[in-house]
Structure formats: structure tokens, C-alpha cells
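The structure follows.
The values are calculated or read from the model by the stated rules, or taken from the named source; none is laboratory data. Only a predicted model underlies this, so the values are computations on that prediction, with no experimental measurement involved. Positions of Cβ are generated from backbone atoms using ideal geometry, with glycine treated the same way; all protein chains shown enter the neighbour counts. We work out accessible area using only protein heavy atoms, side chains counted, and drop any ligands, DNA or RNA first. Shrake-Rupley method; radii C 1.70, N 1.55, O 1.52, S 1.80 Å.
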Number of protein chains: 2
Amino acid sequence: MQDSLTIGELSVRSGVAPSALRYYERLGLIRADRTGGNQRRYARAELRRVAFIRISQQVGVSLDEIREALESLPGGRTPSPQDWERLSASWRGRLDERIRLLTKLRDDLDGCIGCGCLSLQRCTLYNPEDTLAGEGPGARLMLPRASPDGE
Amino acid sequence: MQDSLTIGELSVRSGVAPSALRYYERLGLIRADRTGGNQRRYARAELRRVAFIRISQQVGVSLDEIREALESLPGGRTPSPQDWERLSASWRGRLDERIRLLTKLRDDLDGCIGCGCLSLQRCTLYNPEDTLAGEGPGARLMLPRASPDGE
DNA sequence: CCTTGAAATGAAGTGCACTTCAACTCACAC
DNA sequence: GTGTGAGTTGAAGTGCACTTCATTTCAAGG
């Protein structure tokens, strides 16, 4: 059991494609040493970073924000469980918020199925102030949303 | 109060940019009549379609699937409340599933914050069988995920 | 040594959901 | 009738998260 992993090994063990790992490195999310022949060798601690990245993505965080979070880890030493705890906890509010909005949407959808409204009137389903912003992909430059009014 | 809307009016009342409305039309999600001068005029019923599109997006459905759903609406007559109810209900399972996965992620994150694991070992956070597939954007062609193993 | 599978690189491509741009035409109030 | 804001089009651009490709180099076993 060596103390470093090739990109192929890290890929298999993390479930992340080699191309994605190289991409993460370009973005500064993970790092690797190089062999004399210029091949990447990952310290075992990188496995945790990759795990953190994938979990964070499920929470709906962008790679750029994940990078910022990872930059707050201590340099020099291997991050402790407490370090990871702090990072994970920082997504907690976001996760709660997403769950809350989605649950609201579900409940409202129930209500609206009952009344069959689905109009833009005052239906709680269609409230831009309270929307799942950044949920999907799509262009980032959006016109400021006008408030919808009655049908 | 006229019975048709210009693209600007539909945009303001739906909160969707004109460019997005044209895009939806190209994809076959909405339709418009044309004036003699080739300008779009939307029937009021299109407002409901746009509302349905935006709500569906919040549920995490792609425009392509939304198009398929909308195609199941009756042609010829204006869709009834029951028609919309049926469509909305068809997203319900998906919404439930998303909420379930996110909630699981939250609970597991709590547990893992306690134990500080965040490894790829057997942490329930990192289970590809039970992932929020299709949550983010990103390329569609993904390598089949290898099962992650212990650190 | 030689072969063979793995790895390296940069550039380009993919998919989604749009937006932006340029050049032009409409519709309507005055 | 004229000006002005709103609308039209196709083509190209944007942002994110990657993948694919072609070409070349490495590493390790036999």
C-alpha cells in the first residue's frame, strides 16, 4: 500500500473520471505531486478533498465556491476532522434552504392541483422573491425579474 | 383588456425574458399567432403554459421533458384545470424524490460532522447508487461510475 | 530492451438554457 | 407623416462542468 495514488487509482477510488480530476486541478481544487516523468501522484489526503467536492456539488454548490471553501483549509498540515466539519457545516444552511423551498413547492403544488389554478395571479408557486435561485444551469446574466401580475 | 399579449407584455407578466420566450417557441413549448407585420401575439392561455414551464424547471425537469409533457395536452381546446392538474401531478414523484435525497444528505452530513469521517469508505454521503442524478448541469456523457472503495 | 497499458498536454467539442448583437421592421401616439 | 420604443431574425456568445481527441511520453513486467 503506497502513500501516493496515480490518477487512475484516484479515479477508481473516488468514482470521478480522470479528466474531471485534471479539470479540478486546473481550477485549483486539488493538487498532485509529479514523478520525474511528469505524471501526477496524489497524496491520500486528496481522496478526502475529492469526496468533499462531490458532496458539495450535491448540495448545489458551484466548483468556484467549493474552491473558495477549500482555500480556507489550513496550509501546511493535513486538514483535521474538525476542519472538514467546519467546511461541511458551512453548506448546512444552504441545504436547509433548498429543502425548505422544494418542500414549499411540493405543498403548494398540492394546493394548486386542488384548485387547478396554476395561474400567475397570486399563486405561491410562482413567487420570484422566493424562488430556487441558481437551481438549474443556464446563463448567469438574467434580466431583473419583473413582478408577475394577475392573469 | 385585449385577448392577446405582445411578447413584451407576456414577458412582464410572466417574469420571463423575451429572448427566453422566443427560445421556448423554437423548442415548441409555447406558440404565438402573428400580426400582419410578423409580430408575435400570445393568447392568454400561453401565460399558464409559461407558468407551468417555470414551475417545472424548479422541480428540476429539463425543457425537453417539459415539452413532452406539454405535448400531451389536448390539441384544439384550451386545457382544463384537470389537464394542468394531471401534468403537475406527474412531477410530484420527482419532487418527492429530490426532497428525500436532499434530506438524506442533510441528515448524513450531520452524522458525518459528528464523526468527522467524510471519507469514501462506507460513508452514506458518498453512495453513487443513491445520488442526486441530473442535479447539476455538466456534460451528459459520463463514464460509468466505478464504485468507490475505502480510503 | 521492448512492449503495452496508463498518463500527459492543449485545443476543441458537448449539453443545457439562455443572452447578446446587428441590422432591420412594426405599431402607435402625436 | 414621423419619430420612438418595441419587435423581428439568424448567428454567435456565455457559463458551467466536463469530455474527447490526437499526439507524445512514461512506467513497469517479461
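Collect the residues in segment A:7-24 that are within 8 Å of DNA strand C (Cβ to nearest atom) and open to solvent by 40 Å² or more (accessible area, probe 1.4 Å), keeping them in residue-number order.
A:Glu9, A:Ser19, A:Arg22 - these are the residues of segment A:7-24 that are within 8 Å of DNA strand C (Cβ to nearest atom) and open to solvent by 40 Å² or more (accessible area, probe 1.4 Å).
Among what's in segment B:25-40 and is charged (D, E, K, R) and within 9 Å of DNA strand C (Cβ to nearest atom), pick the residue that is farthest from B:Thr78 (Cα to Cα). Reasoning before the result, please.
Keep residues of segment B:25-40 that are charged (D, E, K, R), which gives B:25-26, B:31, B:33-34, B:40.
After this cut, where a residue has to be within 9 Å of DNA strand C (Cβ to nearest atom) as well, the list is B:26, B:34.
Working: B:Arg26: 21, B:Arg34: 19 Å.
Within segment B:25-40, the match that is farthest from B:Thr78 (Cα to Cα) is B:Arg26.
When you scan segment B:108-117, do you find a residue that is in a helix (DSSP H, G or I), open to solvent by less than 70 Å² (accessible area, probe 1.4 Å) and either in the same structural domain as B:Phe52 (by TED's automatic domain parsing) or at pLDDT 90 or above (or both), even just one?
No: segment B:108-117 contains no residue that is in a helix (DSSP H, G or I), open to solvent by less than 70 Å² (accessible area, probe 1.4 Å) and either in the same structural domain as B:Phe52 (by TED's automatic domain parsing) or at pLDDT 90 or above (or both).
Does segment A:16-41 hold any residues that are in contact (Cβ under 8 Å) with a residue 24 or more places away in the chain and in contact with a Phe, Trp or Tyr (Cβ under 6 Å, 6 or more places away or on another chain), and which are they?
Our first condition is that a residue be in contact (Cβ under 8 Å) with a residue 24 or more places away in the chain; within segment A:16-41, this holds for A:16, A:21, A:24, A:27-29, A:32-33, A:39-41.
The one that is in contact (Cβ under 8 Å) with a residue 24 or more places away in the chain and in contact with a Phe, Trp or Tyr (Cβ under 6 Å, 6 or more places away or on another chain): A:Ala32.
Look through segment A:29-49, keep the residues that are among the aliphatic types (A, V, I, L, M) and at pLDDT 95 or above, and return whichever of them is most open to solvent (accessible area, probe 1.4 Å).
Within segment A:29-49, the subset among the aliphatic types (A, V, I, L, M) is A:29-30, A:32, A:43, A:45, A:47.
Subset that is at pLDDT 95 or above: A:29-30, A:32, A:43.
On the way: A:Leu29: 0, A:Ile30: 9, A:Ala32: 18, A:Ala43: 41 Å².
Ranking the candidates gives A:Ala43 first.
Within segment A:42-96, how many residues are within 11 Å of the chain's Cα centre (by Cα), more than 9 Å from every other protein chain (Cβ to nearest Cβ) and touching a residue at least 24 places away in the same chain (Cβ under 8 Å)?
Selection size over segment A:42-96: 8.
Go through the residues of segment B:47-65 one by one and say whether even a single one is more than 8 Å from DNA strand D (Cβ to nearest atom) and farther than 30 Å from A:Ile99 by Cβ.
no
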